[in-house]
Amino acid sequence: QVLACQIEKANAYQFDKAFGKTISNLMHYNNTHRQSLGTDPKTSQLTAEIETIKKTMDCNLEVLMRRGNALEELVEFSDDLMIEGQVFNKRSTQLKRVMRTKVMRYKLILLGFVLLLIYLMLAKMCGFNLSCNANDNGNTGYYYNGENNQNDDY
């Protein structure tokens with residue numbers, strides 16, 4: 001407890017002189033007895049655990065990289081779809097306008113044709129200047145001199 005209290009109240013680098021000698025002794029021991037430390041069962045067990053953890057982390061990193069690539073591809077695909085959707089919307093609006101103008105043009109042509117037919121029918125009945133008189137008594141627009149020509153020989 002006294003040591004724990006000293007550690008809590010210690011200033012920076014206060015234990016450098018005392019602890020530096022202990023660290024150098026441990027480093028010298030580990031460097032000189034490296035082969036014997038490698039055959040220690042605890043050390044070999046920890047080394048094996050570290051290796052399995054490293055392999056697991058490598059696999060996890062590979063999976064993350066693949067997943068990241070797949071996510072990037074999905075983002076690119078969704079961006080492409082968004083752009084294609086905007087292009088489709090623009091083209092469909094243009095096509096709608098073109099079709100609307102074509103329909104209007106066809107309707108105007110049909111209206112013109114109907115008006116021409118009506119004019120031709122009236123021109124046949126009243127003449128080309130459309131001067132029909134109301135007192136023609138059902139004549140067809142030909143000159144009528146008021147006589148009944150039923151007995152005329154043709």
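Where the eigenvalues come from the Cα gyration tensor of the range 61-111, what are the semi-axes √(5λ) of the equivalent ellipsoid, largest first, in whole Å? Before the final figure, lay out the partial values.
Numbers: eigenvalues 472, 5, 3 Å².
Those come to 49, 5, 4 Å.
Taking every protein chain into account, the 1.4 Å probe leaves Ile7 with about 100 Å² of accessible area, to the nearest ten. Modelled spin labels at Thr43 and Ala12, positioned 7 Å past Cα toward Cβ, are 3.5 nm from each other. Building the convex hull from the alpha-carbon atoms of the range 1-131 and averaging its projection over directions returns 23.2 nm². In the range 1-68, the C-alpha radius of gyration followed by the widest Cα-Cα span (Dmax) gives 19.8, 54 angstrom. By the rule of a C-alpha distance below 29 Å, with chain neighbours fewer than 8 residues away ignored, the lysines paired with Lys55 are Lys42.
By a 1.4 Å probe calculation restricted to protein chains, Phe113 has an accessible surface near 120 Å², given to the nearest 10. Farthest toward the positive end of the dipole of the range 1-126, out of Thr56, Leu111, Val2, is the Cα of Leu111, where the dipole comes from beta carbon charges about the Cα centre.
The values are calculated or read from the model by the stated rules, or taken from the named source; none is laboratory data. The model shown is predicted, which means the values in this text are computed figures rather than measured ones. Backbone-built Cβ (ideal geometry, glycine too); neighbour counts: all protein chains shown. Accessible surface is based on the protein model in full, side chains and every heavy atom, while ligands, DNA and RNA are left aside. Shrake-Rupley method; radii C 1.70, N 1.55, O 1.52, S 1.80 Å.
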